[in-house]
Amino acid sequence: MRLSFLIVSLSALMPLAAFSQAAVPKAVQHANPCDDDQFRQFDFWLGDWDVASAGDGIHRGSSHISKEMNGCLVWENWTSAGSSYFGKSYNTWNPNLKRWEQYWVDTSAGVMFFHGTRKDNVMDYWTDDVPQTTGGTLLRHLQFFNLGPDKVRQWSQGSSDGGKTWHTEYDLIYTRIAKN
């Protein structure tokens, strides 16, 4: 009795399994599109990091950056030192637009969208000119410099005059936390 129930139950699922495979394009069934070299351009940022100001070395926080979703996503988990402020960024290569994109969200309701490319060993991101709640607009330029296997520099600049002049928002050095 139990064996016949199992056979009936499995046979009832067969059409569902066939449908789910049929709904996925053949190219997707056999290959991971995120294995493409473009998706590995930001791998230098993966890991666990202590983060300090570039100018004075003061500890500013920590970050855990990992590859997720079959290698399609570089996911940052930022925690500021001495506060309850934290944020996450979602970074991916957009094959349709042939550019990197980052979506940042934090605990102060901060949301930013960047886009850019990697060139000369630097991940180079930009925002559009974004209206600010205090008035005016802000254009941002965010760069990640690969300084070797255990060090990354993250430098953010802002411009409130459409890119004519720039001011440093923050300049951080990420130092890899040694694994025990």
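For this structure, a couple of remarks:
- Flag if residue 82 is out of contact with any strand residue (DSSP E or B) (no Cβ under 6 Å at 6 or more places or on another chain), under 22 Å from residue 167 (Cα atoms) and surrounded by fewer than 16 Cβ atoms within 10 Å (Cβ to Cβ): no
- Residues (assigned to a loop (DSSP other than H, G, I, E, B) and either of a type in the set (A, V, I, L, M, F, W, C) or at positive phi (or both)) located in segment 43-95: 46, 54, 57, 58, 72, 81, 82
- Per-region count, segment 48-74, residues surrounded by 15 or more Cβ atoms within 10 Å (Cβ to Cβ) and either at pLDDT below 95 or charged (D, E, K, R) (or both): 4
- Single residue of segment 133-153 satisfying the filter (touching a residue at least 24 places away in the same chain (Cβ under 8 Å) and more than 20 Å from the chain's Cα centre (by Cα)) that is farthest from residue 47 (Cα to Cα): 136
- Note on segment 96-163: enclosed strands (runs of 3 or more DSSP E) holding 2 or more residues that are surrounded by fewer than 17 Cβ atoms within 10 Å (Cβ to Cβ) and among the acidic types (Asp, Glu) are 99-106.
The values are calculated or read from the model by the stated rules, or taken from the named source; none is laboratory data. Since we're looking at a predicted model, the values are computed, not measured. Backbone-built Cβ (ideal geometry, glycine too); neighbour counts: all protein chains shown.
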